[in-house]
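Asker: Would you mind keeping the following structure in view while I ask a few things?
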Amino acid sequence: MATAEGEDAGGGPGRARRGCEHYDRGCFLKAPCCGKLYICRLCHDNNEDHPLDRFKVKEVLCTKCGKLQNAQQTCEECSSVFGEYYCDICHLFDKDKKQYHCEKCGICRIGPKEEFFHCLKCNLCLSLSLQGHHKCIENVSRQNCPICLEDIHTSRVVAHVLPCGHLLHRGYRCPLCMHSALDMTRYWRQLDNEVAQTPMPKEYQNMTVEILCNDCSARSTVQFHILGMKCKSCESYNTAQDGKCGIPLEQQ
């Protein structure tokens, strides 16, 4: 999916370097909530107990001449350019990263714009390569990443679109529906070799277990192995025990 726009630590004017760890810009935002000056909303939020509403920013302070003025791309006093890219809705100043403002997302995204489309059902911008080739889930990005718990819709970290349609920042299995997040075929074949080379103790060699496959939802009865149990239907090891272990034949 398209990532949200990305903003040096906060502070007052007179700083030698331009911008912050988040953004390259030549001005401070005057926070509409507390009146303090910060290079960006993220720096503000990291230092205050309340969030900065980017849409309510009215004034900026030039880091070069110290002029406080209405939010705009160029300083009215010294003509310094605050950012190669400027959005007068999000009040985003930054170097040019092919950003664009998506009206439907409500925020700026990193482009190029022509390489993305806005999915109306998912309600977010996705790569054109996914147009007609992804599973739609209504408002899928309007939630936190189930792994790192960061808001997905406004995050500057790339979120991966999983085959199941859910989004997450990292991980190999969707924690919401437990489907594999990537093509795990090569890893499953490696597990085949490891299972074959790791015989179970004699008392467990004839033990069976009922499993449920998280990838294809098939149920099967397979031989128990500590390294994993393979689905008989799709050969995935992304399975869970779905019943008690069977009693070894020699113990019956």
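The values are calculated or read from the model by the stated rules, or taken from the named source; none is laboratory data. This is a predicted model, so every value here is computed, not measured. Cβ: placed from backbone, ideal geometry, glycine included. Neighbour counts: every protein chain shown. All accessible areas refer to the heavy atoms of the entire protein, side chains included, with ligands and DNA or RNA removed. Shrake-Rupley method; radii C 1.70, N 1.55, O 1.52, S 1.80 Å.
Asker: Looking at Glu150, is it under 24 Å from Glu235 (Cα atoms), surrounded by 13 or more Cβ atoms within 10 Å (Cβ to Cβ) and not small (Gly, Ala, Ser)?
Answerer: Working: under 24 Å from Glu235 (Cα atoms): no; surrounded by 13 or more Cβ atoms within 10 Å (Cβ to Cβ): yes; not small (Gly, Ala, Ser): yes.
Taking the combined requirement at face value, the residue does not satisfy it.
Yes/no per residue for (1) part of a loop (DSSP other than H, G, I, E, B); (2) modelled with pLDDT under 80; (3) over 18 Å from Gly228 (Cα atoms):
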site	(1), (2), (3)
Val158	yes, yes, yes
Cys164	yes, no, yes
Arg170	yes, yes, yes
Leu176	yes, no, yes
Arg189	no, no, no
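Asker: Of the conditions (1) assigned to a loop (DSSP other than H, G, I, E, B); (2) open to solvent by 70 Å² or more (accessible area, probe 1.4 Å), Ser129 satisfies every one except a single condition; which number is it?
Answerer: Answer for Ser129: the failing condition is (1).
Asker: When you look at Phe117, is it outside any loop (DSSP other than H, G, I, E, B), over 22 Å from Cys177 (Cβ atoms) and in contact with a helix residue (DSSP H, G or I) (Cβ under 8 Å, 6 or more places away or on another chain), yes or no? Walk me through it before giving the result.
Answerer: Working: outside any loop (DSSP other than H, G, I, E, B): yes; over 22 Å from Cys177 (Cβ atoms): yes; in contact with a helix residue (DSSP H, G or I) (Cβ under 8 Å, 6 or more places away or on another chain): yes.
In short, yes.
Asker: Hey, can you tell me all the residues within the stretch 237-252 that are more than 16 Å from Leu191 (Cβ to Cβ) and either modelled with pLDDT of 90 or more or open to solvent by 30 Å² or more (accessible area, probe 1.4 Å) (or both)? Step through it out loud before you land on a result.
Answerer: So the first thing to find is which residues in the stretch 237-252 are more than 16 Å from Leu191 (Cβ to Cβ), and the list is 241-252.
Of everything in the stretch 237-252, those that are more than 16 Å from Leu191 (Cβ to Cβ) and either modelled with pLDDT of 90 or more or open to solvent by 30 Å² or more (accessible area, probe 1.4 Å) (or both) turn out to be Gln241, Asp242, Lys244, Cys245, Ile247, Leu249, Glu250, Gln251, Gln252.
Asker: Now, a different point. Would you confirm, using the coordinates I've provided, whether Leu182 is modelled with pLDDT under 90, exposed (fewer than 14 other Cβ atoms within 10 Å of the Cβ), aliphatic (A, V, I, L, M) and within 30 Å of Thr154 (Cα to Cα)? Don't jump to the end; show me each part of the working.
Answerer: Details: modelled with pLDDT under 90: yes; exposed (fewer than 14 other Cβ atoms within 10 Å of the Cβ): yes; aliphatic (A, V, I, L, M): yes; within 30 Å of Thr154 (Cα to Cα): yes.
So Leu182 passes the test.
Asker: Among residues belonging to the stretch 9-23 that are open to solvent by less than 50 Å² (accessible area, probe 1.4 Å) and on the phi > 0 side of the Ramachandran plot, point out the one that is modelled with the lowest pLDDT.
Answerer: Filtering first and then ranking leaves Gly11.
Asker: State yes or no: is Thr221 modelled with pLDDT of 90 or more and more than 26 Å from Cys136 (Cα to Cα)? Walk me through how you get there before you give the answer.
Answerer: Working: modelled with pLDDT of 90 or more: yes; more than 26 Å from Cys136 (Cα to Cα): yes.
It is true that Thr221 is modelled with pLDDT of 90 or more and more than 26 Å from Cys136 (Cα to Cα).
Asker: Do you know which residues across the stretch 24-63 are over 30 Å from the mean Cα position of the chain (by Cα), buried (at least 16 other Cβ atoms within 10 Å of the Cβ) and part of a loop (DSSP other than H, G, I, E, B)?
Answerer: Thr63
Asker: Hey, among Leu191, Leu162, which residue is open to solvent by less than 40 Å² (accessible area, probe 1.4 Å) and closer than 25 Å to Cys102 by Cα? Working first, answer last.
Answerer: On the way: Leu191 fails: closer than 25 Å to Cys102 by Cα.
Sole residue among the options that is open to solvent by less than 40 Å² (accessible area, probe 1.4 Å) and closer than 25 Å to Cys102 by Cα: Leu162.
Asker: Which pairs turn up if I take residues in the stretch 217-236 that are open to solvent by 80 Å² or more (accessible area, probe 1.4 Å) and look for partners that are of a type in the set (D, E, K, R) and not in a loop (DSSP other than H, G, I, E, B) with beta carbon separation below 7 Å, at least 6 apart in sequence or on another chain?
Answerer: Pairs found: Arg219/Glu210; Arg219/Asp242.
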